[in-house]
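Some notes on the structure that comes next.
The values are calculated or read from the model by the stated rules, or taken from the named source; none is laboratory data. Bear in mind the structure is a predicted one, so any value in this text is a computation, not a measurement. Please note: Cβ atoms are built from the backbone with ideal geometry, for glycine as well, and neighbour counts cover all protein chains shown.
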Amino acid sequence: MAKKVKKKQLGLGVRALLTSMDASANAPEPKEEIVKVLSNSVAMIPVGEIEVNPFQPRKEFDKEALEELAESLKVHGLIQPITVRRMADRQYQLISGERRLRASKLAGLEEVPAYVRLANDQEMIEMALVENIQRENLNAIEVAFTYQRLIDEIEHLTHENLSERVGKKRSTVTNSLRLLKLPPDIQKSLKMGEISMGHGRALLAVEDIALQSTIFKKVINEELSVRETEKLIKSYKEPAPAKTAPPPSLPSDYQAVENNLKSYLGAKVNLKLKSNGSGQISIPFASTDDLNRLLDLIEK
C-alpha cells in the first residue's frame, strides 16, 4: 500500500519548487512545470514574509469585522488560502486576501496557506481587482478608482476591453467611472454607504454644482430613495408654469358701472381704470348684426 503524503511533506515539496525557481532565477522564463504546480498547490508561508499589495483597491477595513474573523481564526485557523506572488527568496507580495491576512496577524498566526502565482505588475492589478470584486464588497468609489487605475496603467485599454476583463457590462463600467466626477463630499458619502450608486448617478445629471449640493443634502437629511431623488431632480429641472397676473380690481362704484353695462347690453364689457382717473371701456362684438344691436342700445 502506498504511503499517504503528510501535510508537512507537501509543504516541503512546494518549498522545493520555490527553491528551484531561485536556482533558475537568471533564466529567461520559469519552467512551465514549476508554474503549473505552484498555481495548483497551497504553501504554508510565514506571515512576516508577505508584504501588502500596493494595488489593493480596498483602503478601508471594518475593525470590528476583522476582530471577529481573528477570533474565529484562533480556533479554526485560516481555511481559505490567500494568493501571493513570489518576489524573491522568503519575500512574497499579496495579490488578494488582505482582509484574511490582517485577521491572521491579529490572531497571532505565524503561517498562512497561500497560492503562489507568477505575475507582473499589470497582472497584479487585474488579479487584485477581479478577485476583490468577486469576493469582497467593495464600495462604488473603490471600484471606480480601480477601474480608472487599470485604464491609466494599461496601454490602449478601452471601456469595452475593461468590461471583458472584469466580467461586467460596458455600461456598468462607464457608469462606475462617471462617479469620479462627483464632488469629494458626495464621493465620501458613497464610500461610507450613506447613499448608493443609484443616488450618485442621479446626482450626476445635475450640472449646477450649487443645486447638486442642495439636492444631495436634502437626500441625506430626508433619507430619500433613488426614485425619490430622481423625482426631486426632475422637479428642479422642469420650468415652472408661467403665472398670469390677475387683473387689478376695480373700485366698487366702477365695478357697478361695468356690471350695469353688461346687463343692459347683454355683452362682455371690460372697464379699465388708470391711477390718474382716466380709463377706457371695451365692448367686443361677434358680427355686424351684433354691432348694430349694440349701437341701437347705446343710442337709446
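Restricting the stretch 193-223 to residues that are touching a residue at least 40 places away in the same chain (Cβ under 8 Å) and part of a helix (DSSP H, G or I) leaves a set whose member that is farthest from the chain's Cα centre (by Cα) is 200.
Would you mind finding the one in 64, 49 that is exposed (fewer than 11 other Cβ atoms within 10 Å of the Cβ) and at pLDDT 80 or above? Before the answer, list the steps.
Working: 49 fails: exposed (fewer than 11 other Cβ atoms within 10 Å of the Cβ).
Answer to the check: 64.
The criterion of at least 2 residues that are modelled with pLDDT of 80 or more and surrounded by 19 or more Cβ atoms within 10 Å (Cβ to Cβ) is met by the following helices (runs of 4 or more DSSP H) wholly inside the stretch 124-187: 140-153, 170-178. Residue pairs whose Cβ atoms lie under 6 Å apart, separated by 6 or more positions or on different chains, with the first residue in the stretch 149-168 and under 20 Å from residue 54 (Cβ atoms) and the second outside any helix (DSSP H, G or I) and modelled with pLDDT of 75 or more, are 151/157. Counting residues in the stretch 88-104 that are of a type in the set (Phe, Trp, Tyr), out of contact with any Gly (no Cβ under 6 Å at 6 or more places or on another chain), at pLDDT 70 or above and buried (at least 19 other Cβ atoms within 10 Å of the Cβ) gives one or more.
Quick check, is residue 241 at pLDDT below 80, within 30 Å of residue 211 (Cβ to Cβ) and in a loop (DSSP other than H, G, I, E, B)? Outline the logic, then answer.
Details: at pLDDT below 80: yes; within 30 Å of residue 211 (Cβ to Cβ): yes; in a loop (DSSP other than H, G, I, E, B): yes.
Taking the combined requirement at face value, the residue satisfies it.
Look at the stretch 69-86: where a residue is farther than 11 Å from residue 104 by Cα and in contact (Cβ under 8 Å) with a residue 60 or more places away in the chain and a partner is of a type in the set (Ser, Thr, Tyr) and buried (at least 19 other Cβ atoms within 10 Å of the Cβ), sitting 6+ places away or on another chain with Cβ atoms under 7 Å, you get 86/92.
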